[in-house]
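Colleague: Right, I'll just put the structure down here and ask away after.
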Amino acid sequence: MATEPGDLKNWLPDEEQLKRVAEAVAVYNSGRPAKAAAMKRRMVMMLGPFAVIVAAVAIIGLATGLLFITGIAVGVAIFGGMIVLSIARKPARNFQQQLRASMFPEIFSFIDDFQYLHGHAAGFLGPLEATGLLSYTSASHDDWFAGSYDGVRFELAETHLKKKSGKNTRTIFDGLIFHIRLDSRFRGLLLAQKKADVVTKFFRDLFGSKLRELHTGISDIDATHDFRTNADGPEPALLAARMAKALDWLADTWPHGPVQIAFADADCYLLLAATKDHFELPGITRGDIDFDSHILPMIRDMATLLAIASLIGKVDGR
């Protein structure tokens, strides 16, 4: 059904690209200790006066019996402290982001028309939400990639989706979302994933639309996979049967969490749950960047992801 990423050597940058990556990493590593020390100084200088002011307000509240003032001080200490820390760390984050922005086009040169942004809201989230498939109230974004590979155009976004219900807010998706534009068109909506203990909860939490359960008529597939659609006719069952093999391969290829596939007209959305940031570098205080330890795994992960995109992009939606 699919081709494995194969020998990692086939995905490595050429000598000139590796040289430019090495130079960028060397510049980062040489400047990292000074940036880390400056960040620590900023944290002390900014948090120190902030803590003194908050403590003084809290003591006044206790001394005067106005406990609500103390409560306010505690709240300000928690939320204000987080803001102060974020401001103190921003120059160090920017320094590291410069390395990532210059390095990614070199190490991912196998992607045609490569684009990369950090903190970018993927353009496909709006159309995806408009289909009625997604039900969430807030989203945050990390890395965003776009380009084409093996004739398949894609967007790939690290996305965190949350849903608020009353006073409670919970994470309903944390991971990677692929958007792939298909050559063929599926008339309607189709959701697919392998069955698991959390399958019913997942569809209820993440997808707000009411879709009917779909059976392919093939007992082995229906026993191990979950399909839902709003389309009529034989096409949904035929596509679901084809997707079963893809889901089986994905389950072995992507060990980081559940995999879900959604077809909506000529668009395919592949949701890959993940518990780690696949394209992050170690914190600036945690030592130098090493190619084999920190950069090579990124190339390996991207190779796997593109093999997945190539597989899904070649599925006939009709």
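Colleague: Can you tell me which of 281, 296, 305, 239 is in contact with a Leu (Cβ under 8 Å, 6 or more places away or on another chain), over 29 Å from residue 214 (Cα atoms) and assigned to a helix (DSSP H, G or I)? So that I can check it myself, show each step before the final result.
Modeller: Working: 281 fails: assigned to a helix (DSSP H, G or I); 305 fails: over 29 Å from residue 214 (Cα atoms); 239 fails: over 29 Å from residue 214 (Cα atoms).
Of the residues listed, the single one that is in contact with a Leu (Cβ under 8 Å, 6 or more places away or on another chain), over 29 Å from residue 214 (Cα atoms) and assigned to a helix (DSSP H, G or I) is 296.
Colleague: Kindly provide the set of residues from segment 131-161 that are free of Cβ contacts under 8 Å to residues at least 60 places away in the same chain and aliphatic (A, V, I, L, M), ordered by number.
Modeller: Passing the criteria: 139, 146, 157, 161.
Colleague: Also, quick follow-up: Considering only segment 106-199, give the strands (runs of 3 or more DSSP E) lying wholly within it that have at least 1 residues that are within 15 Å of the chain's Cα centre (by Cα), among the charged types (D, E, K, R) and more than 23 Å from residue 235 (Cα to Cα).
Modeller: Details: elements: 112-118, 138-149, 152-165, 168-194.
Qualifying strands (runs of 3 or more DSSP E): 138-149, 152-165, 168-194.
Colleague: Under 6 Å between Cβ atoms, at least 6 apart or on separate chains: pull out the pairs that start in segment 291-314 with a residue that is in contact (Cβ under 8 Å) with a residue 60 or more places away in the chain and end on any residue that is in a helix (DSSP H, G or I) and surrounded by 15 or more Cβ atoms within 10 Å (Cβ to Cβ).
Modeller: Sorted first by the residue in segment 291-314, then by its partner, the pairs are 299/11; 299/107; 303/11; 311/246.
Colleague: Right, here's the next one. Within segment 140-174, restricting attention to residues that are more than 26 Å from residue 105 (Cα to Cα) and of a type in the set (Gly, Ala, Ser), which residue is surrounded by the fewest Cβ atoms within 10 Å (Cβ to Cβ)?
Modeller: Initial filter on segment 140-174 (more than 26 Å from residue 105 (Cα to Cα)): 161-173.
Okay, now just the ones that are also of a type in the set (Gly, Ala, Ser), so 165-166.
Details: 165: 9, 166: 5.
Among them, the one singled out is 166.
Colleague: From 234, 297, 258, grab the single residue that is surrounded by fewer than 20 Cβ atoms within 10 Å (Cβ to Cβ) and more than 17 Å from the chain's Cα centre (by Cα).
Modeller: Numbers: 297 fails: more than 17 Å from the chain's Cα centre (by Cα); 258 fails: more than 17 Å from the chain's Cα centre (by Cα).
Exactly one of 234, 297, 258 is surrounded by fewer than 20 Cβ atoms within 10 Å (Cβ to Cβ) and more than 17 Å from the chain's Cα centre (by Cα), namely 234.
Colleague: Let me ask you something else. Considering (1) modelled with pLDDT of 80 or more; (2) surrounded by 13 or more Cβ atoms within 10 Å (Cβ to Cβ), say which one residue 47 fails and leave the rest.
Modeller: All conditions are met except number (1).
Colleague: Could you say whether any residue in segment 256-272 is in a loop (DSSP other than H, G, I, E, B), of a type in the set (A, V, I, L, M, F, W, C), farther than 30 Å from residue 90 by Cα and touching a Ser or Thr at 6+ places or on another chain (Cβ under 8 Å)?
Modeller: Keep residues of segment 256-272 that are in a loop (DSSP other than H, G, I, E, B), which gives 256-258.
Of the ones still in play, those that are also of a type in the set (A, V, I, L, M, F, W, C) are none.
No, segment 256-272 contains no residue that is in a loop (DSSP other than H, G, I, E, B), of a type in the set (A, V, I, L, M, F, W, C), farther than 30 Å from residue 90 by Cα and touching a Ser or Thr at 6+ places or on another chain (Cβ under 8 Å).
Colleague: Then there is this: Considering only segment 165-187, state which residues are modelled with pLDDT under 85 and farther than 24 Å from residue 254 by Cα.
Modeller: Residues satisfying the conditions are 165, 166, 167, 183, 184, 185, 186, 187.
The values are calculated or read from the model by the stated rules, or taken from the named source; none is laboratory data. The structure presented is a predicted model; accordingly, all values stated were derived computationally and were not measured. With ideal geometry, Cβ positions are generated from the backbone for all residues, glycine too; neighbour counts draw on all protein chains shown.
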